[in-house]
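Peer 1: Please see the structure below; I have some questions.
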Amino acid sequence: MTGTITFTIPGEPVAKGRARSFVRNGHVAHYTPEKTARYENLVKLAAQQAMGDMAPAEGAVALIVRAFMGIPTSWSQKKQRAAALGEITPTKRPDLDNIVKAVKDGANGVTWKDDSQVVDVRASKRYGTPRVEVEVRVG
């Protein structure tokens, strides 16, 4: 498969949460936080819809992630306009690298067989209608 696959994940971007651990009957078990698991399932669904009947890529892929955070309504109109124009960029959480991790894990097995195939990543975080736009370039 060669070409470009694009899809959008609606809503506020969610960062990949750290795996949690607990002890039960003397054994340590690990689990993914609920918020992360739900978001990864949303990514998977969006990726499946974009892929249709195509099989996951087998070669190297490039990944472009554009995360859009909601503009705070508490800001002045002037500051909101500046944010919408890209003159102000978000420097608050979630961290961009953790958003990329959540996207990679959610798309794993759908757009590519394993996320180790991702050899180039470009990511940005801006203000706008909350969403994450994903572009996967294959071949």
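Peer 1: Filter the stretch 68-81 down to residues that are surrounded by 12 or more Cβ atoms within 10 Å (Cβ to Cβ) and of a type outside the set (V, I, T), then give me how many there are. It would help to see each step written out before you state the result.
Peer 2: As a first pass, look at the stretch 68-81 and keep what is surrounded by 12 or more Cβ atoms within 10 Å (Cβ to Cβ): 68-72, 75, 79-81.
Filter once more, keeping what is of a type outside the set (V, I, T): 68-70, 72, 75, 79-81.
Residues that pass the stated criteria total 8.
Yes/no per residue for (1) closer than 17 Å to E12 by Cα; (2) buried (at least 20 other Cβ atoms within 10 Å of the Cβ); (3) touching a Leu at 6+ places or on another chain (Cβ under 6 Å):
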residue: I88; (1), (2), (3): no, no, no
residue: N98; (1), (2), (3): yes, no, no
residue: A102; (1), (2), (3): yes, yes, no
residue: V110; (1), (2), (3): no, yes, no
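The rows are residues; the columns are (1) touching a Phe, Trp or Tyr at 6+ places or on another chain (Cβ under 8 Å); (2) of a type in the set (A, V, I, L, M).
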position	(1), (2)
T36	no, no
N41	no, no
I88	yes, yes
D114	no, no
R131	yes, no
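Peer 1: Which is free of Cβ contacts under 8 Å to residues at least 60 places away in the same chain and more than 23 Å from T4 (Cα to Cα), of P94, P90?
Peer 2: Only one candidate passes the filter, namely P90.
Peer 1: Under 9 Å between Cβ atoms, at least 6 apart or on separate chains: pull out the pairs that start in the stretch 98-122 with a residue that is closer than 16 Å to R18 by Cβ and end on any residue that is of a type in the set (S, T, N, Q).
Peer 2: So the pair list comes out as A102/T36; D105/T32; D105/T36.
Peer 1: Quick one: how many residues across the stretch 1-55 are of a type in the set (A, V, I, L, M), more than 16 Å from the chain's Cα centre (by Cα) and not in a helix (DSSP H, G or I)?
Peer 2: So the answer is 7.
Peer 1: Among the numbered criteria (1) surrounded by fewer than 19 Cβ atoms within 10 Å (Cβ to Cβ); (2) closer than 21 Å to A37 by Cβ; (3) in contact (Cβ under 8 Å) with a residue 24 or more places away in the chain, which single criterion is violated by M54?
Peer 2: (2) is the only condition that M54 fails.
Peer 1: P130 passes all but one of (1) exposed (fewer than 15 other Cβ atoms within 10 Å of the Cβ); (2) touching a strand residue (DSSP E or B) at 6+ places or on another chain (Cβ under 9 Å); (3) on the phi < 0 side of the Ramachandran plot; (4) at pLDDT 95 or above; which number fails?
Peer 2: With respect to (1) exposed (fewer than 15 other Cβ atoms within 10 Å of the Cβ); (2) touching a strand residue (DSSP E or B) at 6+ places or on another chain (Cβ under 9 Å); (3) on the phi < 0 side of the Ramachandran plot; (4) at pLDDT 95 or above, P130 is out only on (1).
Peer 1: If you take the residues of the stretch 32-48 that are in contact with a helix residue (DSSP H, G or I) (Cβ under 6 Å, 6 or more places away or on another chain) and not aliphatic (A, V, I, L, M), which of them is surrounded by the fewest Cβ atoms within 10 Å (Cβ to Cβ)?
Peer 2: As a first pass, look at the stretch 32-48 and keep what is in contact with a helix residue (DSSP H, G or I) (Cβ under 6 Å, 6 or more places away or on another chain): 39-40, 43-44, 47.
Next, from what is left, pick out any that are not aliphatic (A, V, I, L, M): 39-40, 44.
On the way: Y39: 25, E40: 22, K44: 18.
Ranking the qualifying residues of the stretch 32-48, first place goes to K44.
Peer 1: Turning to a different aspect of this structure: So which residues in the stretch 84-113 are within 14 Å of the chain's Cα centre (by Cα) and part of a strand (DSSP E or B)?
Peer 2: Within the stretch 84-113, N108 is the sole residue that qualifies.
Peer 1: Just one of A29, A84, A19 is loosely packed, with under 15 Cβ neighbours inside 10 Å, modelled with pLDDT under 95, farther than 23 Å from D114 by Cβ and of a type in the set (A, V, I, L, M); which is it?
Peer 2: A29
Peer 1: Sticking with this structure for a sec: With S116, S74, S124 as the choices, which residue is hydroxyl-bearing (S, T, Y) and assigned to a strand (DSSP E or B)?
Peer 2: Unique residue meeting the criteria: S124.
The values are calculated or read from the model by the stated rules, or taken from the named source; none is laboratory data. Bear in mind that the values here come from a model prediction, so they are computed numbers and not experimental data. Cβ sites come from the backbone with ideal geometry, for glycine too, and all protein chains shown count toward neighbours.
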